[in-house]
Amino acid sequence: MSKVLFTAHATSKSGREGHVKSDDGLIDLDLVMPTEKSNKKGSNPEQLFAAAYSACYDGALNSVASQKKKEIDSITTADVSFLKDSDDGGFKIAVTLNIEIKGVSQEEAEKLSEEAHQVCPYSKATRGNVDVELKPKAV
């Protein structure tokens, strides 16, 4: 059984057109549906997921690089798309991880990116459920 290291808490009210707040107040956002024609300002679940996934993945990448004694500087941008599922008529998401890595060759960047994808908790959670494309680039 896994050992719990910590648990994050956030509460949403009224779904995609409501509000989300973390228990510590650091996240306290109105939510809006980006596809609606509206002047309302706010975030959305895909934007929040993109922020979380990019942070988690970049941490995994740096951990993998450190284990391999590689000194890197990296930036990971997650593009999370909200899609209409042609199979069942519902909705789903897809992710593209754009990974810029300084300090290694393109071949090493590709290897490190794939290894990070194997250990990142968000990658593990989405595996088999969400299409995730890795786009590593040595810079």
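Points to keep in mind about this one:
- Sorted into 10 angstrom bins from 0, the C-alpha pair distances of the chain split as 11, 33, 32, 19, 4 percent.
- Here the contact order of the chain, divided by its residue count and restricted to Cα pairs under 8 Å and six or more residues apart, works out to 18 percent.
- Normalised contact order of segment 1-43, rounded percent, pairs of Cα under 8 Å and 6 or more residues apart: 25
- With the simple spin-label model, which puts each label point 7 Å out from Cα in the Cβ direction, the residue 16 to residue 38 separation comes to 1.0 nm.
- The value obtained for segment 94-134, namely the Cα convex hull volume divided by the number of residues, is 65 Å³ per residue.
- Antiparallel DSSP beta bridges within the chain, as percent of all bridges there, nearest 5: 70
- Residue order for 117, 19, 9, fewest other beta carbons within 10 angstrom first, comes to 9, 19, 117.
- What the Cβ-Cβ distance of residue 133 and residue 26 gives, at R0 = 41 Å and to the nearest 0.05, is a FRET efficiency of 0.85.
- The angle between the Cα long axis of helix 106-119 and the main principal axis of the chain comes to about 50°, on a 0 to 90 degree scale.
- Restricting the chymotrypsin sites (Phe, Trp or Tyr not before Pro) of segment 1-81 to loop positions (DSSP other than H, G, I, E, B) with no more than 12 neighbouring Cβ atoms within 10 Å leaves 6.
- Going from the residue with the fewest nearby Cβ atoms within 10 Å to the one with the most, 64, 139 rank 139, 64.
- Mean projection area, nm², convex hull over Cα of segment 1-43: 4.4
- Which of 16, 127 has the fewest Cβ neighbours within 10 Å, and the rest in rising order: 127, 16
None of the figures in this text is laboratory data; all of them are computed from the coordinates on show. Remember, it's a predicted structure, so these values are computed and weren't measured experimentally. Cβ: placed from backbone, ideal geometry, glycine included. Neighbour counts: every protein chain shown.
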